[in-house]
Amino acid sequence: MAEDEMSRSERENLHKWGKARRMIDENKLDLKSRSRDRYQYEVEGDTDTYTVGVDIDSGKTFCPCPFQGETCSHQIAVHIHLSGIGVEKESY
């Protein structure tokens, strides 16, 4: 699909995934705490560092960055990282 055929939402989504992959490749994620049902990461963004929380049972994430209400690149990076270390739950 040519770029001009993509919707704005599709372009933004690709941008988020690209940024998330870059964060992982550049080691900008740091696991700060882990419990039976929750992980907490510190993720270095372009301008700030954010604490991203993940509820393992529900798969829900929280990030205090300006993109509240949407899945941001910080959350995507954490989900990709968790899948790479083998954290899998039915709801996750």
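Data table
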{"quantity": "Nearest-0.05 FRET efficiency for Thr49 and Arg8, computed from C-beta distance (R0 30 Å)", "calculated": "0.60"}
{"quantity": "Whether segment 1-63 is rounded, prolate or oblate, judged on the alpha carbon gyration tensor where a/c under 1.5 counts as rounded", "calculated": "prolate"}
{"quantity": "Amide H partners (placed H, <5 Å) of Gly45, local residues excluded", "calculated": "Tyr50"}
{"quantity": "Full-stretch length increase - Ser35, Trp17 - with 0.36 nm per residue and alpha-carbon distance subtracted", "calculated": "3.8 nm"}
{"quantity": "Distant-in-sequence amide H partners of Ile56 (H built 1.01 Å from N, under 5 Å)", "calculated": "Arg38, Tyr39"}
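FYI, it's all coordinate maths here, none of it is from the lab. All values derive from a computational prediction rather than experimental measurement. All Cβ positions, glycine included, derive from the backbone under ideal geometry; neighbour counts span all protein chains shown.
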